[in-house]
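K.L.:
Before anything else, here's the structure in question.
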Amino acid sequence: MASVIAATLAGGGVCMIDGLSIIDSLGNIKGLSVKVRDGTASTGDSVVLTDNRTGNRIFAGYVKEVTKVFIKPTTAIEELLVQDFTRRIDDVEYGVTGIYTPQNEKTILTDIFTKFCNYINVGTYVVSSQLSATATANFQDLGMRQAVDDLASGTSGTVGTPRTWYVDYAAELHYFTAGGEAAPFELSDTPNNTTTFPYDYKRFRYTLDAVDSKKRGTVVCWKEGLYAGMTLKLTNSVMGWNSQPFTIYEVKTKVLNVDSSNPLLEYTVSFGSETPARITKRIKEIEQSVEKIANINKTIVFAVAGTLATGANVSFEIPAPMALRIANVYANVRTAPGNASVILDVNKNGVTIFSTQSLRPMIAPGSTTGISGIPNITTVAINDILSLDNDQVDGTAADLVAQIRCSVEIG
């Protein structure tokens, strides 16, 4: 029997899917580990898993890490650490900067994602008419996740009603009023299999906490399309629920049998009465506490004194002290350029990290600062040599400092 799970791998090969498990929870990156036979995967390659019965994606993301595992002296398989598109947001750890006067939230989101994280699309699922038309924001060198969280909560400006957000498996941003995005179907103990679908009543659990009146539960179903942050409606005759709304906290996807005509995709859904905004706030507070304990951001600095001239390797060559991930490159001059922009380039072992040259750091005429886009090459191994080029100058700009802003790669 043919497998009903289709795996599309940019590097080719056969994906061994049995036992696959995916966890989607508010505020977290979704990820999975898959084994591939006869493939040639590279970091950054796309991975898409599709349910052939419906044509719907059950996971999509990109390869973060590739490990060769030898099962025979001349035969190896690849173990891929794959992460969903939310990771693209977390990869932007610095540099989101901008002051936004009153305008629609979608306009602000479109601008920052275009400039700093163009892997994610701000489109259909960010509805202008449902958002504030007079939102303001003031981002000063933030990470992308913090910028979106701050806009959603009003921390960096004003939005009025708190929002929540997530990224789906088509790399589409969903951004909406907390509790305002309904699940595409309901779960019921009397399903019609069109708008309402069955769940496993034997594994249904529901708890009411008498101390703080929080309601929470878990339900197991076999229908895809649920994401953490959505509002799910449940009908249960014993509980007296008729389309009772709850917030989804977490969705666990488990592949039971890829070659079975029986239900092979099982979804364990955790739900409750707490709003996504409150959960997201708590997650953020925890993350901020962890950041205070272990600050693992690193900056590599180049300096060039005097009037700038074009040239390669214009400062010291710097060996990377550890494995790093580059977020962006920030540049500052004491004397601003007059008639033409200053354009810099950074090389890893003599090769530019900006194969898309428009992403290079640039300081515009009359300005003293500039910041790059996300480099095409972001990973740096210990002892890789980093160097700086002046690709364009105007003969006026002087006294340059360029910072490669990085995070430490762990694991």
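The values are calculated or read from the model by the stated rules, or taken from the named source; none is laboratory data. Computed from a predicted model, the values in this text were never measured in an experiment. Cβ: placed from backbone, ideal geometry, glycine included. Neighbour counts: every protein chain shown.
K.L.:
Mind listing whichever residues of segment 372-411 are in contact with a helix residue (DSSP H, G or I) (Cβ under 9 Å, 6 or more places away or on another chain) and under 25 Å from Arg88 (Cα atoms)? Reasoning before the result, please.
P.N.:
Applying the first criterion (in contact with a helix residue (DSSP H, G or I) (Cβ under 9 Å, 6 or more places away or on another chain)) to segment 372-411 yields 372-376, 378, 391, 407.
Correct list: Ser372, Gly373, Ile374, Pro375, Asn376, Thr378, Ser407.
K.L.:
Here's a follow-up. If you go through segment 53-68, how many residues are assigned to a strand (DSSP E or B) and without any contact (Cβ under 8 Å) to a residue 12 or more places away in the chain? Spell out the reasoning first.
P.N.:
First, pick out the residues of segment 53-68 that are assigned to a strand (DSSP E or B): 56-68.
Of the ones still in play, those that are also without any contact (Cβ under 8 Å) to a residue 12 or more places away in the chain are 68.
Number satisfying all stated conditions: 1.
K.L.:
Also, quick follow-up: Surrounded by 15 or more Cβ atoms within 10 Å (Cβ to Cβ) and either touching a strand residue (DSSP E or B) at 6+ places or on another chain (Cβ under 6 Å) or free of Cβ contacts under 8 Å to residues at least 60 places away in the same chain (or both): does that describe Asp141?
P.N.:
Numbers: surrounded by 15 or more Cβ atoms within 10 Å (Cβ to Cβ): no; either touching a strand residue (DSSP E or B) at 6+ places or on another chain (Cβ under 6 Å) or free of Cβ contacts under 8 Å to residues at least 60 places away in the same chain (or both): yes.
Spelling it out, it is not the case that Asp141 is surrounded by 15 or more Cβ atoms within 10 Å (Cβ to Cβ) and either touching a strand residue (DSSP E or B) at 6+ places or on another chain (Cβ under 6 Å) or free of Cβ contacts under 8 Å to residues at least 60 places away in the same chain (or both).
K.L.:
Out of segment 170-188, which residues are modelled with pLDDT of 85 or more and either among the hydroxyl-bearing types (Ser, Thr, Tyr) or within 11 Å of the chain's Cα centre (by Cα) (or both)?
P.N.:
Ala171, Glu172, Leu173, Tyr175, Ser188
K.L.:
Is it the case that Asn347 is in contact (Cβ under 8 Å) with a residue 40 or more places away in the chain, under 26 Å from Asp90 (Cβ atoms) and surrounded by 17 or more Cβ atoms within 10 Å (Cβ to Cβ)? Walk me through how you get there before you give the answer.
P.N.:
Working: in contact (Cβ under 8 Å) with a residue 40 or more places away in the chain: yes; under 26 Å from Asp90 (Cβ atoms): yes; surrounded by 17 or more Cβ atoms within 10 Å (Cβ to Cβ): yes.
Judged against the criteria, Asn347 is a match.
K.L.:
Return the pairs, sorted by first residue and then second, in which the second residue is surrounded by fewer than 12 Cβ atoms within 10 Å (Cβ to Cβ), the first residue lies in segment 191-207 and is on the phi < 0 side of the Ramachandran plot, the beta carbons are less than 8 Å apart, and the residues are 6+ apart or on different chains.
P.N.:
Going by the 8 Å Cβ cut-off, the qualifying pairs are Thr196/Thr190.
K.L.:
Here's a follow-up. Hey, can you tell me all the residues within segment 193-225 that are at pLDDT below 90, exposed (fewer than 14 other Cβ atoms within 10 Å of the Cβ) and of a type in the set (Ser, Thr, Tyr)?
P.N.:
Residues satisfying the conditions are Tyr201, Thr207, Ser213.
K.L.:
Identify the residue in segment 106-122 that is of a type outside the set (S, T, N, Q) and in a loop (DSSP other than H, G, I, E, B) and, among all such residues, is farthest from Asp141 (Cα to Cα).
P.N.:
Here the answer is Val122.
K.L.:
Related question: Does Tyr125 count as in a loop (DSSP other than H, G, I, E, B), farther than 30 Å from Thr40 by Cβ and not assigned by TED's automatic domain parsing to the domain that holds Glu65?
P.N.:
Values: in a loop (DSSP other than H, G, I, E, B): yes; farther than 30 Å from Thr40 by Cβ: yes; not assigned by TED's automatic domain parsing to the domain that holds Glu65: yes.
Criteria met by Tyr125.
K.L.:
Within segment 308-337, track down each residue that is surrounded by 14 or more Cβ atoms within 10 Å (Cβ to Cβ) and within 19 Å of Pro365 (Cβ to Cβ).
P.N.:
Once the filter is applied, which keeps residues that are surrounded by 14 or more Cβ atoms within 10 Å (Cβ to Cβ) and within 19 Å of Pro365 (Cβ to Cβ), segment 308-337 yields Leu308, Tyr330, Ala331, Asn332, Val333, Thr335, Ala336, Pro337.
K.L.:
If you don't mind, another one. Go through the residues of segment 332-344 one by one and say whether even a single one is within 23 Å of Gln140 (Cα to Cα), assigned to a strand (DSSP E or B) and of a type in the set (D, E, K, R).
P.N.:
yes
K.L.:
Out of everything in segment 393-411 that is of a type in the set (S, T, N, Q) and crowded, with 17+ Cβ neighbours inside 10 Å, what residue ends up being nearest to Ala340 (Cα to Cα)?
P.N.:
Applying the first criterion (of a type in the set (S, T, N, Q)) to segment 393-411 yields 396, 403, 407.
Of the ones still in play, those that are also crowded, with 17+ Cβ neighbours inside 10 Å are 403, 407.
Working: Gln403: 21, Ser407: 32 Å.
By that ranking, first place goes to Gln403.
K.L.:
Would you tally the residues in segment 300-327 being at pLDDT 90 or above, part of a strand (DSSP E or B) and more than 22 Å from Ala340 (Cα to Cα)?
P.N.:
So the count comes out to 5.
K.L.:
Now, a different point. Within segment 79-89, is there a residue that is over 30 Å from Lys298 (Cβ atoms) and either among the β-branched types (Val, Ile, Thr) or not in a strand (DSSP E or B) (or both)?
P.N.:
Of all residues in segment 79-89, those over 30 Å from Lys298 (Cβ atoms) come to none.
Checked segment 79-89: no residue is over 30 Å from Lys298 (Cβ atoms) and either among the β-branched types (Val, Ile, Thr) or not in a strand (DSSP E or B) (or both).
K.L.:
Scan segment 62-94 for residues that are farther than 16 Å from Thr379 by Cα and in contact with a Phe, Trp or Tyr (Cβ under 6 Å, 6 or more places away or on another chain) and jot them down.
P.N.:
Ala76
K.L.:
Considering segment 353-411 alone, what residues qualify as being charged (D, E, K, R) and in a loop (DSSP other than H, G, I, E, B)? Write out each step before concluding.
P.N.:
Residues of segment 353-411 that are charged (D, E, K, R), as a first pass: 360, 384, 389, 391, 394, 399, 405, 409.
Matches in segment 353-411: Arg360, Asp384, Asp394, Glu409.
K.L.:
Within the set of pairs 6+ apart or on separate chains, which have a first residue in segment 84-105 that is more than 18 Å from Gly143 (Cα to Cα), a second that is surrounded by fewer than 17 Cβ atoms within 10 Å (Cβ to Cβ), and C-beta atoms under 7 Å apart?
P.N.:
Every condition considered, the pairs that remain are Pro102/Thr134; Asn104/Ser128; Asn104/Ala133.
K.L.:
Right, next: Quick check, is Val148 in a helix (DSSP H, G or I), in contact with a Phe, Trp or Tyr (Cβ under 7 Å, 6 or more places away or on another chain) and under 24 Å from Val251 (Cβ atoms)?
P.N.:
Working: in a helix (DSSP H, G or I): yes; in contact with a Phe, Trp or Tyr (Cβ under 7 Å, 6 or more places away or on another chain): yes; under 24 Å from Val251 (Cβ atoms): yes.
For Val148, the condition - in a helix (DSSP H, G or I), in contact with a Phe, Trp or Tyr (Cβ under 7 Å, 6 or more places away or on another chain) and under 24 Å from Val251 (Cβ atoms) - is met.
K.L.:
Pick from segment 56-89 the residues that are among the β-branched types (Val, Ile, Thr) and surrounded by fewer than 12 Cβ atoms within 10 Å (Cβ to Cβ): which of them is farthest from Tyr227 (Cα to Cα)?
P.N.:
Initial filter on segment 56-89 (among the β-branched types (Val, Ile, Thr)): 58, 63, 66-67, 69, 71, 74-75, 77, 82, 86, 89.
Checking the rest, the ones that are also surrounded by fewer than 12 Cβ atoms within 10 Å (Cβ to Cβ) come to 69, 71, 74-75.
Details: Val69: 33, Ile71: 37, Thr74: 42, Thr75: 38 Å.
Applying the filter and picking the extreme gives Thr74.
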